[in-house]
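Report on the structure given below.
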Amino acid sequence: MARNFVTSDGYDFAWDEFAPPGEPRGRIVVVHGIRSHAGWYAGSCAKLAAAGYEVCFLERRGAGRNTAQRGDAPGFRRLRRDIVEFLASRPPLPTHLMGISWGGKLALAASAVTPVASLVLVAPGFVPRVRTGLRERLRFTVARLFRPTRLFDVPLNAPELFTRDPAWQDYLRTNPHDTHRATARFFVGSAALDFRLRRTVNATPTLTLLAGDDRVIDNAATRAFVAKFTHPANRVVEYAGLTHTLEFEDRGLAFVVDILAWLAAVE
């Protein structure tokens, strides 16, 4: 069910609610990647809800169905605060925060300032293979000073980076809600978030899921990054032969079964 949430600075953003068949055993709040939106992940959200969880899929300000200030965000602190405010607005339930791709960075940042029961990170964007070049980063920095809302291309516009499935590739070429451009201050804020996360200490139980043939994320470097997390229940699962978006590659959504089994073990 489509919902809306108004933040403390007045931004009205869309989110989707997937209700469980009975009383919820917990809540899973999902944060998407730099290009994606809730429409990419309806299958996994429905499966998580069918297993008894209230699932809340947040669409980032300026992304997905949120047409106001398209591609823009004042900085990572505002995006983090959007998540924290949403979490505080919900009725009490054990809450698990799930971050997908670039959204994994936001999920980790939010968990550092507000307690959650666990983190689930799906191909998290801590160490990307696909990066903007030095010249482009300099352009972001200069534009951030003089034209902060100037738009630049997101460096992930090729559908082949996300999936080998032709039907899903066609979807990525034609659906109207993907984010293909973002502002200078969004990109500078993303770099500032990277710097902050290098100093973040994470003691929250964390499940990290990786796609074995990921062309977007550096899996070896990501394993090294999450190896610094300290909770004894932490686990990393890698799916051989799959590319970045598990939702598109794993037709049976077996990765959701793995999420549910891990959540049952840490609850």
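Observations, loosely collected:
- The condition (being polar (S, T, N, Q) and surrounded by 22 or more Cβ atoms within 10 Å (Cβ to Cβ)) is satisfied by just one residue among S36, S8: S36.
- Condition met for H244 (at pLDDT 95 or above and buried (at least 17 other Cβ atoms within 10 Å of the Cβ)): yes
- Of the residues making up region 20-33, those that are surrounded by 13 or more Cβ atoms within 10 Å (Cβ to Cβ) and more than 15 Å from M98 (Cα to Cα) are P20, P24, R25.
- Per the conditions (1) over 29 Å from D258 (Cα atoms); (2) surrounded by 14 or more Cβ atoms within 10 Å (Cβ to Cβ), the sole criterion not satisfied by L134 is (2).
- Segments classed as helices (runs of 4 or more DSSP H), wholly inside region 34-132, with at least 1 members that are over 21 Å from P20 (Cβ atoms) and touching a residue at least 60 places away in the same chain (Cβ under 8 Å): 76-89, 102-111
- Checked against (1) over 30 Å from E249 (Cα atoms); (2) touching a residue at least 24 places away in the same chain (Cβ under 8 Å); (3) of a type in the set (K, R), R135 meets all criteria but (2).
- For region 209-239, the candidate set comprises residues that are charged (D, E, K, R) and within 28 Å of A158 (Cβ to Cβ); within that set, the residue that is surrounded by the most Cβ atoms within 10 Å (Cβ to Cβ) is D214.
- Of everything listed in (1) over 16 Å from L106 (Cβ atoms); (2) surrounded by 17 or more Cβ atoms within 10 Å (Cβ to Cβ); (3) in contact (Cβ under 8 Å) with a residue 24 or more places away in the chain, the single unmet condition for T206 is (1).
- Failed item, numbered, when D258 is tested on (1) surrounded by 14 or more Cβ atoms within 10 Å (Cβ to Cβ); (2) in contact with an Asp or Glu (Cβ under 9 Å, 6 or more places away or on another chain): (2)
- Being touching a Lys or Arg at 6+ places or on another chain (Cβ under 8 Å) and of a type in the set (G, A, S) is a property that A191 has.
- D178 being of a type in the set (D, E, K, R), buried (at least 17 other Cβ atoms within 10 Å of the Cβ) and touching a residue at least 12 places away in the same chain (Cβ under 8 Å): yes
- Some residue of region 217-232 being farther than 17 Å from S36 by Cα and in contact with a helix residue (DSSP H, G or I) (Cβ under 8 Å, 6 or more places away or on another chain): no
- Checked against (1) β-branched (V, I, T); (2) in a loop (DSSP other than H, G, I, E, B); (3) modelled with pLDDT of 95 or more, V256 meets all criteria but (2).
- Cβ separations smaller than 6 Å between residues 6+ apart or across chains give the following pairs from region 218-241 residues that are under 13 Å from L108 (Cβ atoms) to residues that are among the hydroxyl-bearing types (S, T, Y) and surrounded by 14 or more Cβ atoms within 10 Å (Cβ to Cβ): V226/T208; F229/T206; N234/T206.
The values are calculated or read from the model by the stated rules, or taken from the named source; none is laboratory data. Computed from a prediction, not measured in an experiment: that's the story for all the values here. Because the Cβ atoms are built from the backbone with ideal geometry, glycine has one as well, and the counts that use them run over all protein chains shown.
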